[in-house]
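Here it is: the structure, laid out below.
The values are calculated or read from the model by the stated rules, or taken from the named source; none is laboratory data. As the structure is a computational prediction, the values presented were derived from the model and not from experiment. Cβ coordinates were reconstructed from backbone atoms using ideal geometry, including for glycine residues, and neighbour counts include every protein chain displayed.
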Amino acid sequence: MNTLPLQKLKLGTQWAPSRSALDTDTGILYFMQEQTITLVDLNTFRVVEKIEQSEPEPGMSFDDYHPVVMQSVLYLVKDFGGSLLKWENGSWTRLDNASENRMQTGSTVFVREGRIYRYGGYGFWSCRNFFTYYHPAIRDWEVLAPVNTNELPQGTAGTDMINIGEQSYFLRGEKVIPSNPMRREVSRECWEFNWKKKSWRYLGIHRNTFSPSACHFTWNAKLVYISDGHTYVYDFPHNRFAAYENSTPVWYCKAGVYHYENHFYILGDSPGNMDVSVFKINEKDLLGKQTGEGRIYVNGFHRTLWIVTGLFLLIMLHLLILIGRSRVYSHKISIDGNMLHYKSKKMDLDPMQKNILELLLLNNESSTSDMMEVLNKNHLHPTQKMRILASVIEEINLKLRLITSSNADFVKIKKSEIDKRIKAYYIEKKWFEHISQS
């Protein structure tokens, strides 16, 4: 590993959490820490402005938000809620009317074609596997439902991604362990989303394992990781990566890396120094000696297996036609273990969602007390249990809409047939296969 002389500018202290974002159109780098925004002009590599007393909201720090730049305007997206703030005229303006739903903590925030998106996130013992985007007309977040897709990824939080043309590629992040929703583990799956078709495609299992302290950034149409003394450059369209020795000390890469006009800008610290600085390095000096290459992901299938599988499917299709089968996939929703199935699609359920669904399908109506009992949260206050129940029902409706590509509300509320004074929950059973009492 070579130690290169680097130009640097001091920005803050490493003792306080920080956030950063780059305006690639103007070359302005925003560094946010405590109550200060520092603007660095990368064209001249100098600090052009420090704005004091610029905290996003009373009692909140920049660490609670994800910064993005869209059309040369700085925005902040609140991590555990729906707040969207815009920096204008020297202060923050809140744009949305969204509630603090805490359903997408750790979501991946990005800008695409003039919209701010969030993907995934964690909340109430489950992870999301869908996109939301900010809709200025209604001042709230809308769900982008996939169509023309036969498969959906498992929900994750803290997911890495890169946009390349009409495709976005997703990998890593953490998923909930179905048998123990209180715990999470690293996801090894790689997925591609096609924005024109609005469809998902499973790519395979990620081959490399990075340390938790690994940092990643985009370089032209490549996704780059720096981990354990090596730099990995990912070419997703061709499923290839190349590994290099680091030409810069790994301790520099702690607060973000950006590429602009043939240079890299590394936000971090250096040994024996308690400051956070931005380091400038020439593009050609970033990578050291190449140490390896390979495939980013493997899907476990070989060409021979594909041929055998194809022949088997053709034979099965012929047999189905001969015996008069008119369907291959069920046109009703079924529950198998912790999975929802509809036609060729499937989606995971956490234990609370599964228990609520089965209760509703086994009864014509269910009282609030019945619903709260299957949550198995007897140690909580009733108000907390009601909030969790509302969240679980919202999640069930959302997952059923996604898997059926429908806008229907599946779980509904009505006056009880037994006692008109109280409300009861019921579900539209016409969508579901019959289940029997176990």
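So, in region 191-205, of the ones that are surrounded by fewer than 16 Cβ atoms within 10 Å (Cβ to Cβ) and over 17 Å from the mean Cα position of the chain (by Cα), which residue ends up nearest to HIS216 (Cα to Cα)?
For region 191-205, the residue satisfying everything is ILE205.
Same structure, new question: Within region 91-104, how many residues turn out to be at pLDDT 90 or above and over 26 Å from GLN53 (Cα atoms)?
Of all residues in region 91-104, those at pLDDT 90 or above come to 91-96.
After this cut, where a residue has to be over 26 Å from GLN53 (Cα atoms) as well, the list is none.
Number satisfying all stated conditions: 0.
I'm checking my understanding of the structure. Among residues of region 7-36 that are aliphatic (A, V, I, L, M) and modelled with pLDDT of 95 or more, which one is surrounded by the fewest Cβ atoms within 10 Å (Cβ to Cβ)? Steps first, please.
Quick first cut of region 7-36, residues aliphatic (A, V, I, L, M) only: 9, 11, 16, 21-22, 28-29, 32.
Of the ones still in play, those that are also modelled with pLDDT of 95 or more are 21-22, 28-29.
Values: ALA21: 18, LEU22: 20, ILE28: 20, LEU29: 26.
Applying the filter and picking the extreme gives ALA21.
Please find, within region 248-267, the residue that is modelled with the highest pLDDT out of those that are surrounded by 22 or more Cβ atoms within 10 Å (Cβ to Cβ) and within 12 Å of PHE31 (Cβ to Cβ).
First, the residues of region 248-267 that are surrounded by 22 or more Cβ atoms within 10 Å (Cβ to Cβ): 248, 252-253, 255, 257, 265-267.
Narrowing further to those that are within 12 Å of PHE31 (Cβ to Cβ): 255, 265, 267.
Working: ALA255: 74, TYR265: 93, LEU267: 90.
Step by step, filter region 248-267, then rank; the result is TYR265.
Which of the residues spanning region 69-91 are part of a strand (DSSP E or B) and buried (at least 19 other Cβ atoms within 10 Å of the Cβ)? Spell out how you get there, then give the answer.
Within region 69-91, the subset part of a strand (DSSP E or B) is 69-70, 73-78, 84-88, 91.
The answer is VAL69, LEU74, TYR75, LEU76, VAL77, LYS78, LEU84, LEU85, TRP87.
Still on this model: Does region 125-132 include one or more residues that are within 25 Å of ARG387 (Cα to Cα), among the hydroxyl-bearing types (Ser, Thr, Tyr) and assigned to a strand (DSSP E or B)?
Filtering region 125-132 for residues within 25 Å of ARG387 (Cα to Cα) gives 125-132.
Subsequent filtering for residues that are among the hydroxyl-bearing types (Ser, Thr, Tyr) retains 126, 132.
In the following step, the residues that additionally are assigned to a strand (DSSP E or B) were identified as 126, 132.
Yes, there is a match, as at least one residue in region 125-132 is within 25 Å of ARG387 (Cα to Cα), among the hydroxyl-bearing types (Ser, Thr, Tyr) and assigned to a strand (DSSP E or B).
Going by the conditions given, is GLU52 within 28 Å of the chain's Cα centre (by Cα), farther than 21 Å from HIS259 by Cα and in the same structural domain as VAL109 (by TED's automatic domain parsing)? Please lay out each step first, then the result.
Working: within 28 Å of the chain's Cα centre (by Cα): no; farther than 21 Å from HIS259 by Cα: yes; in the same structural domain as VAL109 (by TED's automatic domain parsing): yes.
So GLU52 does not fit the description; no.
Continuing with the same structure: Looking at (1) over 14 Å from the mean Cα position of the chain (by Cα); (2) under 23 Å from ASP350 (Cβ atoms); (3) among the polar types (S, T, N, Q), which is the one condition that is false for SER187?
Evaluating SER187 over (1) over 14 Å from the mean Cα position of the chain (by Cα); (2) under 23 Å from ASP350 (Cβ atoms); (3) among the polar types (S, T, N, Q) leaves (1) as the failure.
Still on this structure, please answer the following. If you check LEU389, LEU380, LEU402, LEU362, which single one turns out to be within 30 Å of ASN148 (Cα to Cα) and either crowded, with 17+ Cβ neighbours inside 10 Å or not acidic (Asp, Glu) (or both)?
Working: LEU389 fails: within 30 Å of ASN148 (Cα to Cα); LEU380 fails: within 30 Å of ASN148 (Cα to Cα); LEU362 fails: within 30 Å of ASN148 (Cα to Cα).
The unique qualifying residue is LEU402.
Does region 185-215 hold any residues that are within 24 Å of TYR122 (Cβ to Cβ) and among the polar types (S, T, N, Q), and which are they?
Scanning region 185-215 gives SER187, ASN208, THR209, SER211, SER213.
Filter region 269-280 down to the residues that are small (Gly, Ala, Ser) and at pLDDT below 85, then identify the one that is surrounded by the fewest Cβ atoms within 10 Å (Cβ to Cβ).
At the first step, the residues of region 269-280 found to be small (Gly, Ala, Ser) are 270, 272, 277.
Of the ones still in play, those that are also at pLDDT below 85 are 270, 272.
Numbers: SER270: 16, GLY272: 5.
Across region 269-280, the extreme among qualifying residues is GLY272.
Now, a different point. Within region 117-137, can one find any residue that is of a type in the set (A, V, I, L, M, F, W, C) and without any contact (Cβ under 8 Å) to a residue 12 or more places away in the chain?
The first filter runs over region 117-137 and keeps only residues of a type in the set (A, V, I, L, M, F, W, C), leaving 124-125, 127, 130-131, 137.
In the following step, the residues that additionally are without any contact (Cβ under 8 Å) to a residue 12 or more places away in the chain were identified as 137.
Yes: region 117-137 contains one or more residues that are of a type in the set (A, V, I, L, M, F, W, C) and without any contact (Cβ under 8 Å) to a residue 12 or more places away in the chain.
Quick check on my filter: what residues within region 3-34 are under 15 Å from HIS66 (Cα atoms) and not hydrophobic (A, V, I, L, M, F, W, C)? Spell out the reasoning first.
Going through region 3-34, the residues under 15 Å from HIS66 (Cα atoms) turn out to be 17-23, 29-34.
Matches in region 3-34: PRO17, SER18, ARG19, SER20, ASP23, TYR30, GLN33, GLU34.
Out of ILE138, ILE162, report the one residue that is in a strand (DSSP E or B) and modelled with pLDDT of 90 or more. Before you say what the answer is, go through the steps one by one.
Working: ILE138 fails: in a strand (DSSP E or B).
The unique qualifying residue is ILE162.
In region 148-178, which residue that is touching a Lys or Arg at 6+ places or on another chain (Cβ under 6 Å) and acidic (Asp, Glu) is farthest from GLU192 (Cα to Cα)?
The residue in question is GLU174.
Then there's this: Got at least one residue in region 394-414 being over 29 Å from the mean Cα position of the chain (by Cα), touching a residue at least 40 places away in the same chain (Cβ under 8 Å) and on the phi < 0 side of the Ramachandran plot? Steps first, please.
So the first thing to find is which residues in region 394-414 are over 29 Å from the mean Cα position of the chain (by Cα), and the list is 413-414.
Within this subset, residues satisfying the condition of being touching a residue at least 40 places away in the same chain (Cβ under 8 Å) are 414.
From the residues that got through so far, the ones that are on the phi < 0 side of the Ramachandran plot too are 414.
Checking region 394-414: at least one residue is over 29 Å from the mean Cα position of the chain (by Cα), touching a residue at least 40 places away in the same chain (Cβ under 8 Å) and on the phi < 0 side of the Ramachandran plot.
Any idea which of ARG183, ARG188 is over 24 Å from LEU74 (Cα atoms), without any contact (Cβ under 8 Å) to a residue 12 or more places away in the chain, surrounded by fewer than 18 Cβ atoms within 10 Å (Cβ to Cβ) and not β-branched (Val, Ile, Thr)? Full working, then the answer.
On the way: ARG188 fails: without any contact (Cβ under 8 Å) to a residue 12 or more places away in the chain.
Answer to the check: ARG183.
Could you list all residues from region 1-53 that are among the small types (Gly, Ala, Ser) and part of a loop (DSSP other than H, G, I, E, B)? It would help to see each step written out before you state the result.
Going through region 1-53, the residues among the small types (Gly, Ala, Ser) turn out to be 12, 16, 18, 20-21, 27.
Correct list: ALA16, GLY27.
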